[in-house]
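First comes the structure, then the notes that go with it.
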Amino acid sequence: MSDMIALEREYGARNYDPLPVVLSRGEGVWLWDDQDRRYLDMLSAYSAVSFGYGHPRLVAALTQQAQRLAVTSRAFFSDRLPPFLKKLCEVTGMERALPMTTGAEGVETGIKCARKWGYSVKGIPSGKARIIVCAGNFHGRTSTIVGFSSEAQYREGFGPYADGFDAIPFGDTRALEAAIRPETAAFLVEPIQGEAGIIVPPEGYLTEALRICRARNVLMIVDEVQTGLGRTGKVLACHHEGVEPDAIILGKALGGGLIPVSAFCGRGHVLDVFRPGDHGSTFGGNALGAAVGLESLNVLLEEKLSERAAQSGAYLLKRLKSISSPMIVDVRGKGLLIGLEIDTRRASARQFVETLLKHGVLSKDTHGTVARFAPPLIVDREQIDWGVQRICDALREYGPVYEKAA
Ligand code: PLP
C-alpha cells in the first residue's frame, strides 16, 4: 500500500472511502498517480473540474488575482465582485446573485431566502414555512440538508432534523400539486438527480412544475450545482426546457476546478428579502473567488463548452449504448452527465469502478448500482474513444462484450 494511503488512514477522519489511487498531477482531461500512471478522468470531481485540469486562462486568473488581492471580507467593496455578480445574472437570466463558497452553502442560502420570502412576501405565519423537496435528492451535507435526505446513511446518527420539509417523488408533478399547502414557500429540485444515479425526469417536468409553482405562489428553486455550467449540454440544465425558475443555485464548476465558489441567483423580489446582517460568510464573494468565477463563466461561453458537451455527450452516450455486455442494465444521461447502471448480481458498482481504475479510467460508483461518467467538458472524440475502449476492457472481465454497429 502506498505510504500516502497509510498516512491518510492513520490521521484522517474516515468519512471517505477513496479508490486506491494516489493522484499527484493533472492536465486537461488526464490525471497521473504517484507512480506516473495516466488515467482519463471521467468524474471531474463531480463537475467541479468541468473545464479540465490547469486550464491556462483559469490558472492565470487565479494567480494574478492572488498576487493582487485575495480576501478582504464583505465588510468592504472590492473591484472584482461587481463584474462577477453582473455576469452571474447575465448567464443565469436572474436579477441578483449572492456568492458563497460551497454548494451546500448555496442551498442553505436558498432555504433561508425561501423561508424569509414566505414570511415577508407570501404572508406565511411566522415559523410555519415549508419547502417541498424530492425523494432521492442530494443538496449537500449540512445538518439541515441531510435531515430531508431520503438516503438513510446521510441521515442516521445526525438527528434531530430540522422541521419544515415535505418530500415527494422526483419527476411527479401531480405529487407536487398535491403537496402544496398554504404554508409552502418553495419547491427545491435538481433538474437531473446526480447523486441518486443520474436520474433524468420525464420530458416537460420542469415546465409543468414551474407552472404549478407560479399558479400556487410557490418559489421554484433549481439546484444546478452539479448540472449547471454546461454539464448537460446547455449552460443550465433547465434551459433544455426553456424554464426560468425563481432562483438557481450554482457551485462546483463555478470555481474553475481551482477553488470553491458558489452562488444563489434569483429574481429581484426573492433576493430582496435579505437585509444587511441576515446572511453571509467570511469567504463568500471574496476577490479571488470572484475573479476565478468570472473567468470560469467567460471560458464557458467563449469556448462554447455547453455546445461541446452536447456533442461529445451525445457521442459518448451513443457509444456506451452500443455496447452489448451482460453487465449493463441501463445507460442514461444528458450531455456529459452519464450513468451506467450495472448488474449487481455480477459485481457491485464499487468493484466495477475499481476495475475501471485498473484499466486507466477514473469514475465513481453511486448507490451501489451506477458508475457515472462525467469527464471534463473539454474532452474530445479521440479521448472518448480511448475511454470507451477501456470501459469495454473493464466490462470484458465480467463477461463477453461486443459493440453493436452504430
Ligand atoms: N447540490 C447538488 C445537486 C450536488 O450535487 C452537490 C454535491 O454533490 C451539492 C449541492 C453540495 O455541494 P458541495 O459538496 O460543494 O457542498
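Bear in mind that the values in this text are calculations on the coordinates, not laboratory data. Here the structure is a predicted model, which means the values were calculated and not measured. Every residue, glycine as well, gets a Cβ built from its backbone with ideal geometry; the counts of neighbours run over all protein chains shown.
Over the chain, what is the percentage of antiparallel beta bridges among all DSSP beta bridges, to the nearest 5? Walk me through the numbers before you get to the answer.
Working: 33 of 49 bridges.
Of the beta bridges lying entirely in the chain, close to 65 percent run antiparallel.
Each of the peptides 130-136, 262-268, 62-68 was scored by the mean count of other Cβ atoms within 10 Å over its residues; in descending order, highest first, they stand as 262-268, 130-136, 62-68.
Relative to the Cα centre, what is the charge dipole magnitude of the chain, using +1 at the beta carbon of each Lys and Arg, -1 at the beta carbon of each Asp and Glu, and rounding to the nearest 20 debye? All intermediate terms of the calculation are to be shown ahead of the outcome.
Values: 47 positive and 47 negative charges, 127 e Å.
Computed about the Cα centre, the dipole is about 620 debye.
For segment 358-406, dividing the convex hull volume of the Cα atoms by the residue count gives 109 Å³ per residue.
Simple point charges give the picture: +1 on the Cβ of Lys and Arg, -1 on the Cβ of Asp and Glu, and for segment 285-347 a dipole about the Cα centre of about 400 debye.
Mean-square fluctuations from a GNM of the chain, with a 10 angstrom spring cutoff on Cα atoms, peak among GLY255, GLY12, GLY242 at GLY12.
Pull out the extension gain between GLU302 and ARG25, defined as 0.36 nm times the separation in residues minus the alpha carbon to alpha carbon distance; nm, one decimal.
Details: separation 277, 0.36 × 277 = 99.72 nm, distance 2.63 nm.
That pair, GLU302 and ARG25, stretches by 97.1 nm at full extension.
LYS404: which lysines have alpha carbons under 18 Å from its alpha carbon, excluding same-chain residues fewer than 8 sequence positions away? Result set, ordered by chain and number: LYS318, LYS321.
Dividing the Cα radius of gyration of segment 213-296 by its Kirkwood radius returns 1.00 for Rg/Rh.
Note on segment 252-341: along the principal axes its Cα atoms extend 58, 27, 24 Å, ordered by decreasing extent. The angle separating the long axis of helix 381-396 from the principal Cα axis of greatest extent in the chain is about 70 degrees. Applying the Kirkwood pairwise sum to the alpha-carbon positions of segment 307-406 produces a hydrodynamic radius of 13.3 angstrom. Distance check, please: which entries in LYS112/LYS364; LYS304/LYS358; LYS128/LYS252; LYS334/LYS364 exceed 29 angstrom between their Cα atoms? LYS112/LYS364; LYS304/LYS358; LYS128/LYS252, as the Cα separations exceed 29 Å there. In segment 98-161, which GluC sites (Glu not before Pro) are in a loop and have at most 16 other Cβ atoms within 10 Å, using DSSP for the loop call? Sparse-neighbourhood loop GluC sites (Glu not before Pro): GLU151, GLU156.
Segment 159-308: percent of C-alpha pairs farther apart than 18 Å? Result: 63 percent of Cα pairs exceed 18 Å.
Please report, to two decimal places, log10 I(q)/I(0) for segment 35-124 at q = 0.16, 0.24 Å⁻¹ as given by the Debye formula with identical point scatterers on the Cα atoms and no solvent. The calculated log intensity ratios at q = 0.16, 0.24 Å⁻¹ are -0.98, -1.39. Placing one identical point scatterer on every Cα of the chain and ignoring solvent, what is log10 I(q)/I(0) from the Debye formula at q = 0.12 Å⁻¹? After summing over all Cα pairs, the log10 values are -0.99.
Between the Cα long axis of helix 349-358 and the first principal axis of the chain there is an angle of about 60°, rounded to the nearest 10. Rounded to the nearest 10 degrees, the inclination of helix 56-68 to the longest alpha-carbon principal axis of the chain is 50 degrees.
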